[in-house]
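See below for the structure under consideration.
The values are calculated or read from the model by the stated rules, or taken from the named source; none is laboratory data. This is a predicted model, so every value here is computed, not measured. Here the Cβ positions follow ideal geometry from the backbone for every residue, glycine too, while neighbour counts run over all protein chains shown. Just so you know, the surface numbers come from the protein's heavy atoms only, side chains and all, with ligands and any DNA or RNA stripped out. Shrake-Rupley method; radii C 1.70, N 1.55, O 1.52, S 1.80 Å.
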Amino acid sequence: MLLATAPRLLAAVLLAAVLSACSARYQTPIAMGGDDDDAVCQSRGYAVGSPEYVACRKDRDVQRSAATARADRRQRDLGEYMLNHPERP
C-alpha cells in the first residue's frame, strides 16, 4: 500500500516545485494595474520628451516604488505578527 502511493506523492511534490518556480517576487503590484507607462502618459496627451511626459513617467515610477514598499512592509509585519503570536495560526 505504501509503495503504491509513493509515486503519486513524488509526482505531487515535483509538480508543486515546478509550479512554485513560476512565481516571481518582484512583479508589478496589482495596484499599478501593470499598465505600460509610456502608453498611459501618451494617452493623457503628453508628447514624448516633454516636461509633462517626464513628470508623468516619474510619478508612475514613484507610485510603483511606493506600492512595492507597502507590500514588503505588510509582508514583514505579517511575519513579525506570526512570530509574536504563535498561539493564533
- If the Cβ limit is 7 Å and pairs must be 6+ apart or interchain, which residue in region 33-57 that is under 19 Å from residue 67 (Cβ atoms) and part of a loop (DSSP other than H, G, I, E, B) pairs with which residue that is open to solvent by less than 80 Å² (accessible area, probe 1.4 Å) and at pLDDT below 95? 34/28
- Item | Test: residue in region 9-17 that is surrounded by fewer than 10 Cβ atoms within 10 Å (Cβ to Cβ), among the aliphatic types (A, V, I, L, M) and modelled with pLDDT of 90 or more | no
